[in-house]
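Structure, as C-alpha cells:
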Amino acid sequence: MLKTLFEPASIAIIGASNNPLKVGHVLVENLIKYGFRGDIYPVNPAGGYMKDLKVYGTLDEINDDVDLALIAVPAKGVPEVLRQCIKKRVNSAIVVSSGFKESGSEGALLEQELKQIADEGNINLLGPNCLGIMNTSNDLNATFSKWMLPKGKISFFSQSGALGIAVLDWAIGNRTGFSKFISLGNKVSLNETDFISYLMDDDETDVILGYIEDVKEGKRFIKAATECTLKKPVILIKSGGTQAGSRAASSHTGALAGSDTAFDAAFKQTGVIRAEGVEELFDMAKVFSGGKVPASGNIIIITNAGGPGIIAADEAEKAGLSLPVVSKASVKRLSQKLPKNASLYNPVDVLGDAAPDRYAAVLDEVISSRDFDGIVVVLTPQAMTNPEETAKHIISASGKTRKPVVTAFMGMESVKQAVIELGKADIPNYVYPEDAIRSYKKLVDYSNWKKRRVQRPDKFPVSKAASGEILRNAVARKHFALGEDEARDCLSAYGFRFPLKAFVSDKGEAAKESAKIGFPVVMKISSPDILHKTDVGGVRTAINDRMEAEKAFMEITTGVKRMVPSALVTGVNVYETISGGKEVVIGVSYDRTFGHMLMFGLGGIYVEVLRDVSFRIIPVTKTDVREMMGEIKSYRLLTGARGEKAVDLDAIEEALLRLNQLIADFPEIHELDINPLVVKTEGAIALDARIIIHGG
C-alpha cells in the first residue's frame, strides 16, 4: 500500500522554487543532493529550469507517471493541487504545507476538505504540516531537513516535527543508523497505525520508534501493534498523559481511568514498549538495535571498579534481573588468569589496574556458559585502562554469541573512540551502569512478551435476554444510570452472586425484614439519583436487632433527604452481612480512543484514594486478566500475606471475564462498577453495583 511513498520511481514537487529560502527549493535540492535515483519533476506555474531540471507549469504537463507528489504550496491551494494529483493518478502525496487545524478554525475546515478529497480519491496522503520522509535504503530524502540519516535498521515516526529534527540530529551525532524517518504531521489520512503495519513487514527495519500525542484508530492500532511486536519491537513515547486531560466521571472506574490510563493498558496488551521521555527512547533504541534478545533475565556483570559494579547489581535486583553465581569450574579456570584479589562472584571485579586481557579472560569464559543469558561490561577509565583494546575484546566476544552484550564505558573523553567502535559493532554503550541495566531490562521484558502464551476466554452460559430487557427498558425511560435493583438483576443474569436483600419503605418493615434475613444486617439508601451512597450517609452496617434496624432506617432516610434534598428516595435496602474475605473492585469505563476498558483493584470506600488498580482494553484474554491482577501493589494480600489463606483468584478471573462478555454483548454500557466484590477462599460475592448506559 505504501510502496510508492517509500520507493517512488518518480517524484513531482509542486511548489518548487529557485528561491533557496523556500521549502520547495530545499525539497528539490535534497532529492538531488542525497542521490535519489528516480525521476524528479519540479512544478511551478513560472516554468523555467531549476538545478538543470525542467520546471513544469502544471502536473498535467508531465507526460510520465508520477508515484509521489511533494506539495509545498500555501494551505488554501492544497485542496486543488490534491485534486490534480488524483486526476493524474498519483499514488501518494506528502503535504508539507502548514496552515491547517494547528492554525485555527479556518485551517481545520481546510483539513476536513483534504481528508474528504483523499478518501474519495483513494490516495496515500501524509501530513499536512509535516517534514516529509526519508528512506536510507534508496537514498530518498523527501524532507526539508538539512541532514540525511546514516543507514541502519531503526525506523522512526513522529507526530512532532521539532522532535523529529532532534532525533535526526541525535542519530547523526551518535552515528546511529536509521532505515526510515516519517513525520506524521496532522495525520489527516495516514497515521501511526498505517506505518506500524508497513514497517512490520519491512526487511530494512528491525526496530520501530515513535512519538505520538494521540492515536487515530484505537482498535486498529491494537490489532496492528499486537501483530507487529511479535516480529519486532515497537517503542513509543506517548505525551499528554496528565490527569488534567481526563473527563469527569461518575463511577469509581471512570474517575480512576485518567487520560493516559487507556494508553498504558493498550501498550501492555500489545507489547508496545513505552519510553517515558526522549532520553529513554534513545537508550532503548541503542539496546534494541543490536538485534539480540536474551533467553532469560540471568546476567553477569564484569567491572573494573567496585562502586559502579555494586550500582549495577543494585539496579539489576530492583529491575527483577538475576545475578547467578559463577560456577565452581569457571571460578577455578578464572583464578588462574586473574589476580588473587579479583572478585569471581557476580559482579566479577577484574580490579582497577585491569588490562584488556582480564576482560577478555572473563568474556571468553562466560559467553559459552548456560548460567548467563546476557553480559553487562562496566569500565572506568583508570590509569592502567585501555578502553580501545578492551572494546576490541568485547566486540570479538559479542560476535561469537547470540547473548546481548551491553556496556557502560563511564566518562567521556577517555572512552570516546572506544564507544565509537562499540557503536559500529551494534553494541550499545551507556555513560552510567544503571542506564545500561534499565535498558537491558527492556530487552528481557520484550523477550518475555514474545514467549507469552495467550489463553482465550471461554463463553459462560448467561441469560443475555434478561440483561437486554433491563437495559432496553432503562433507555426507554431515559434512566441511563440504572438503579441498584436493575444493576443487580442485570449482573445476576451474567452469573454474579449478590447477598440476600429486601426492600423496605418504613421502619416497621425494616425491623421485620431484617429479622427474616438474620442479624447482623446492612442497610443502604435506595435512590436512582445517588451513586455514591457512603458519601451522603446512606449506609449503615452491623445492625444487630429490631430496634437498631428501626433507628438505622430513620437515620438513613432523614439524613439523605437533608444532604441531597433533590434526590428521589424510594426507601432502604436491607442486606445480609457478608463477613470475611478481601474486598476488590472490578469495573468498566469507556475511552474515546480505545473503547471499553476493564478495571481491577483493591476495593472498598478508599478505592479512589489508594488508586491501586490496573486496566486492560476490552476484549481481554485470560492472559490479560491474570496479568492485570498481578500488577496491583496489594496483590500479595490476595495470595496469602502474613500467614493468611489466599483468596479464590480463579473467582476474580471469572468475574472479570464475565464482565468482558457482558460488554461484548451490550456495548451500550458506558461505565460499570462492582465495589466491593468480596472474594473468599472459595467464590466471590458482589455487595454493590452500578451501571451507566451511553447517552446519560
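The values are calculated or read from the model by the stated rules, or taken from the named source; none is laboratory data. Note that the structure is predicted; figures quoted are calculated from it, not measured. For neighbour counting, all protein chains shown are included, and Cβ atoms are generated from backbone atoms with ideal geometry for every residue, glycine included.
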- Message: Quick check on Val522: is it out of contact with any helix residue (DSSP H, G or I) (no Cβ under 7 Å at 6 or more places or on another chain), in contact (Cβ under 8 Å) with a residue 40 or more places away in the chain and surrounded by 16 or more Cβ atoms within 10 Å (Cβ to Cβ)?
- Response: yes
- Listed by range, helices (runs of 4 or more DSSP H) wholly within the stretch 371-456 having at least 1 residues that are among the aromatic types (Phe, Trp, Tyr) and over 20 Å from Ile299 (Cα atoms) are none
- Message: Take the residues in the stretch 634-687 that are touching a strand residue (DSSP E or B) at 6+ places or on another chain (Cβ under 7 Å) and charged (D, E, K, R); name whichever of them is surrounded by the fewest Cβ atoms within 10 Å (Cβ to Cβ).
- Response: Glu668
- Task: Looking for whichever is under 28 Å from the mean Cα position of the chain (by Cα) and outside the structural domain of Gly15 (by TED's automatic domain parsing) here; the options are Asn124, Asn135, Asn141. Which one fits?
- Result: Asn135
- Could you check, for the stretch 176-188, whether at least one of its residues is modelled with pLDDT of 90 or more, within 24 Å of Met597 (Cβ to Cβ) and β-branched (Val, Ile, Thr)? no
- Query: Ala329 versus (1) more than 23 Å from Thr385 (Cβ to Cβ); (2) aliphatic (A, V, I, L, M); (3) buried (at least 16 other Cβ atoms within 10 Å of the Cβ); (4) without any contact (Cβ under 8 Å) to a residue 24 or more places away in the chain: which is the lone unmet condition?
  - Reply: (3)
- Task: Consider Glu555 carefully, then state whether it is acidic (Asp, Glu), touching a residue at least 24 places away in the same chain (Cβ under 8 Å) and within 16 Å of Asn573 (Cβ to Cβ).
- Result: no
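Pick from Asp52, Asp67: which is more than 37 Å from the chain's Cα centre (by Cα) and surrounded by fewer than 22 Cβ atoms within 10 Å (Cβ to Cβ)?
Answer to the check: Asp52.
Using the structure shown, decide if Glu608 is surrounded by fewer than 23 Cβ atoms within 10 Å (Cβ to Cβ), part of a strand (DSSP E or B) and charged (D, E, K, R).
Taking the combined requirement at face value, the residue does not satisfy it.
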- Residue in the stretch 219-229 that is at pLDDT below 95 and either buried (at least 23 other Cβ atoms within 10 Å of the Cβ) or closer than 18 Å to Gly152 by Cβ (or both) present: no
- Message: Go through the stretch 542-580 and report how many residues are more than 18 Å from Gly508 (Cα to Cα) and of a type in the set (Val, Ile, Thr).
- Response: 4
- Task: Give just the number: which of (1) buried (at least 20 other Cβ atoms within 10 Å of the Cβ); (2) closer than 29 Å to Arg658 by Cβ does Gly581 not satisfy?
- Result: (1)
- Item | Residues satisfying the stated conditions in the stretch 114-134, i.e. in a loop (DSSP other than H, G, I, E, B) and over 25 Å from Ile165 (Cβ atoms) | Asn122, Ile123
- Taking Leu637 as meeting all but one of (1) in contact with a helix residue (DSSP H, G or I) (Cβ under 9 Å, 6 or more places away or on another chain); (2) in contact (Cβ under 8 Å) with a residue 24 or more places away in the chain; (3) over 29 Å from Gly468 (Cβ atoms), write down the number of the exception. (1)
- Message: So, in the stretch 1-39, how many residues would count as being of a type in the set (Val, Ile, Thr) and closer than 19 Å to Leu125 by Cα?
- Response: 5
- Can you find a residue in the stretch 7-22 that is among the hydroxyl-bearing types (Ser, Thr, Tyr), buried (at least 23 other Cβ atoms within 10 Å of the Cβ) and at pLDDT 95 or above? no
